[in-house]
Amino acid sequence: MNERIAISGIGVVSPCGLKKETFWANLKRGISFIDPVTRFDASLYPSRIAGQVHDLDHYTHLSGRLIKKIDVFSHMALVASEQALQDSAIDLDNVDKTRIGVFMGNALGGWLFAETELRDMYIEGKQGISPFMASAWFAAAPQGQTTIYYGFKGYSKTIVADKASSALALWYAAKIVAQDKNDFVLAGGMEAPITPYALLCANTNGNLSKNNLNPKEAYRPYDLYRDGFVLGEGSGIVMLEKESQAGKRGVAVYGFLKGIGFSSDGYHYSRYRPDSSCLEYAIEECLKDAAWNKKDVDYICLDGEATAMGDYLETQALKNVFGSAIGNISLSAPKSMFGNLLGAQTALDLIVTVLSMKNNTVLPTINYLMEDPYCDLDYTFNKALTREIKKALIIARGRGGINVVLAVEKE
Amino acid sequence: MNLKEEIIKVISETLDVKEGEVKENEKLYDSVGVDSTEMVEVVVTLNKHFGIKLETNEVTKSSTIAEIADLVEKKKE
């Protein structure tokens, strides 16, 4: 990118907080926010634990009239968007709304709304289904609701790419701002997979932890006793604009998007290529795009899939790309505390990374007990670390090997 | 409760707005700014509530409560 893209506002709805302040304070404690699923009876599901958002209704600014028309994933996106807009100090009455866009990532769609309405349709016939079903469930609904709510008319898109959805949305958004197509972009993702059908679908991929008896200890990336990742729900949205424009507006920025690298394994529809060459390529491309040396990187926010294959490949890629330099880079997967938010995950990782930069802290990977001989790097286990972070990478991997790496810098 | 008040109650509950916002002699679009999808819900709820069969093109955004009451009356007979 020619000019750096500034992150001038953040909004977060997550299992460990519905405001950036609580979100950060909770993460710093290094404890788990994974609990048994309580929204419905999940007792027969192989994996029935998740990071769940509580009390969304207490934090909302939306009317009951709007809430009943939308799925909870749109609701979370609207709450996070409002936070990001306020945080960025944008004066919505005095900006050109045709130059504000919305770029979202989502993997599954809005099933809580859809499942309920479809059930009613099968029971009551066509009179039973809400007319809002059509506009509530699909993956681009949150993008549409956000643009309608604020009257934004700029170029907007929604990207669906499993766990790399919001990584690609953020990159797409940054590119659109860099190309001068929009002045502002709200970018990020949202996911609400804790519904009877969506949780069942997620269960069938076989990568979820079944440690239902110990939810707090279930998500343990890079640990020998891992048995998969844990789902989470929530939304992360950031405001992106050009560095020069943020400077002119005189707003404090959290950091800058500096580069991206991406690649596809091109191997199998759901499995990773059994060697790490494609992930390595994405990391190399990102470093090239950001014009960084390997030694410049201070921190890497990891994917941390908590599967034997996922963790091994990620570790292998880091070793092969960075060589001995990896010893000086802090690594961690803070999502081990609140779960993997699928389509929203990279947006949360970006927020975690810029807050870590702001607070000179490396958040931990929790639940570490026993070393895996194939994952022998220092992943900042269990306890946060004080360290100045100037340059950081974020790794996102979708099913079947959609590899995206983002470069973020503080100053 | 007369028929008009009953209709206002049904519509305001369906849309999740205050009863006072739905005005008897104003078009629904002017008083509460309904959109066409909301109107589908309004018609379906009226049909269920009164046990009648209104069509979605009979009650529209530009109907007033008085007009809707006349229609409901006619259909009930």
Within segment A:135-157, of all residues that are free of Cβ contacts under 8 Å to residues at least 60 places away in the same chain and among the hydroxyl-bearing types (Ser, Thr, Tyr), the one surrounded by the most Cβ atoms within 10 Å (Cβ to Cβ) is A:SER156
When B:THR37 is run through (1) within 13 Å of another protein chain (Cβ to nearest Cβ); (2) in contact (Cβ under 8 Å) with a residue 24 or more places away in the chain, the failure sits at (2)
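Working carefully through the options A:THR346, A:THR386, find the one that is of a type in the set (Ser, Thr, Tyr), farther than 22 Å from A:LEU224 by Cβ and surrounded by fewer than 20 Cβ atoms within 10 Å (Cβ to Cβ). Before you say what the answer is, go through the steps one by one.
Numbers: A:THR346 fails: surrounded by fewer than 20 Cβ atoms within 10 Å (Cβ to Cβ).
Going through A:THR346, A:THR386 in turn, just one is of a type in the set (Ser, Thr, Tyr), farther than 22 Å from A:LEU224 by Cβ and surrounded by fewer than 20 Cβ atoms within 10 Å (Cβ to Cβ): A:THR386.
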### A:TYR197 vs. criteria part of a helix (DSSP H, G or I), assigned by TED's automatic domain parsing to the domain that holds A:ALA84, touching a strand residue (DSSP E or B) at 6+ places or on another chain (Cβ under 6 Å) and in contact (Cβ under 8 Å) with a residue 40 or more places away in the chain
no
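Having 1 or more residues that are touching a Cys at 6+ places or on another chain (Cβ under 8 Å) is the bar; report the helices (runs of 4 or more DSSP H) wholly within segment A:1-70 that clear it.
Working: elements: A:20-28, A:56-59, A:64-67.
Correct list: A:20-28.
With a cut-off of at least 3 residues that are of a type outside the set (Lys, Arg) and in contact with a Cys (Cβ under 7 Å, 6 or more places away or on another chain), name the strands (runs of 3 or more DSSP E) lying wholly within segment A:300-411.
Values: elements: A:330-332, A:391-398, A:402-409.
Because the criterion is at least 3 residues that are of a type outside the set (Lys, Arg) and in contact with a Cys (Cβ under 7 Å, 6 or more places away or on another chain), the strands (runs of 3 or more DSSP E) in segment A:300-411 that meet it are A:391-398, A:402-409.
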So, first residue not assigned by TED's automatic domain parsing to the domain that holds A:VAL12 and of a type in the set (Gly, Ala, Ser) in segment A:24-39, second residue in a strand (DSSP E or B) and at pLDDT 95 or above, Cβ within less than 8 Å, six or more apart or across chains; the pairs are none
Given the structure, is A:ALA6 over 15 Å from the mean Cα position of the chain (by Cα), of a type outside the set (S, T, N, Q) and crowded, with 23+ Cβ neighbours inside 10 Å? yes
Condition set surrounded by 16 or more Cβ atoms within 10 Å (Cβ to Cβ) and more than 10 Å from chain A (Cβ to nearest Cβ), scope segment B:15-28, selection farthest from A:LEU62 (Cα to Cα): answer is B:LYS27
Scanning segment B:43-55 for residues that are within 10 Å of chain A (Cβ to nearest Cβ) and under 11 Å from the mean Cα position of the chain (by Cα), the one nearest to B:GLU13 (Cα to Cα) turns out to be B:THR45
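Restricting to segment A:248-276, what's the tally of residues that are small (Gly, Ala, Ser), more than 22 Å from A:VAL352 (Cβ to Cβ) and in contact (Cβ under 8 Å) with a residue 12 or more places away in the chain? Write out each step before concluding.
Looking only at segment A:248-276, we keep the residues that are small (Gly, Ala, Ser), and these are A:250, A:252, A:255, A:259, A:261, A:263-264, A:266, A:270, A:276.
So of that shortlist, the ones also more than 22 Å from A:VAL352 (Cβ to Cβ) come out as A:250, A:263-264, A:266, A:270, A:276.
With the extra rule that they be in contact (Cβ under 8 Å) with a residue 12 or more places away in the chain, the set shrinks to A:263-264, A:266, A:270, A:276.
Looking only at that region, the number is 5.
From the list A:GLU191, A:GLU217, A:GLU233, which residue is touching a residue at least 24 places away in the same chain (Cβ under 8 Å) and surrounded by fewer than 24 Cβ atoms within 10 Å (Cβ to Cβ)?
Numbers: A:GLU191 fails: surrounded by fewer than 24 Cβ atoms within 10 Å (Cβ to Cβ); A:GLU233 fails: surrounded by fewer than 24 Cβ atoms within 10 Å (Cβ to Cβ).
Being touching a residue at least 24 places away in the same chain (Cβ under 8 Å) and surrounded by fewer than 24 Cβ atoms within 10 Å (Cβ to Cβ) holds for just one of A:GLU191, A:GLU217, A:GLU233, which is A:GLU217.
Looking at A:ALA282, is it small (Gly, Ala, Ser) and out of contact with any Asp or Glu (no Cβ under 6 Å at 6 or more places or on another chain)?
Working: small (Gly, Ala, Ser): yes; out of contact with any Asp or Glu (no Cβ under 6 Å at 6 or more places or on another chain): yes.
For A:ALA282, the condition - small (Gly, Ala, Ser) and out of contact with any Asp or Glu (no Cβ under 6 Å at 6 or more places or on another chain) - is met.
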Going through segment A:46-77 in order, the residues found to be closer than 12 Å to A:LEU18 by Cα and more than 14 Å from chain B (Cβ to nearest Cβ) are A:GLN52, A:VAL53, A:HIS54, A:ASP55, A:LEU56, A:HIS58, A:TYR59, A:MET76, A:ALA77
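Could you tell me how many of the residues in segment A:69-96 are without any contact (Cβ under 8 Å) to a residue 40 or more places away in the chain and surrounded by fewer than 24 Cβ atoms within 10 Å (Cβ to Cβ)?
Applying the first criterion (without any contact (Cβ under 8 Å) to a residue 40 or more places away in the chain) to segment A:69-96 yields A:75, A:91, A:93-94.
Applying the additional criterion that residues be surrounded by fewer than 24 Cβ atoms within 10 Å (Cβ to Cβ) yields A:91, A:93-94.
Count: 3.
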Selection over segment A:220-260 where residues are in a strand (DSSP E or B) and more than 20 Å from the chain's Cα centre (by Cα) yields a count of 2
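The values are calculated or read from the model by the stated rules, or taken from the named source; none is laboratory data. Predicted model, so just to flag it, every value in this text is computed and none were measured. Cβ atoms come from the backbone with ideal geometry, glycine included; neighbour counts cover every protein chain shown.
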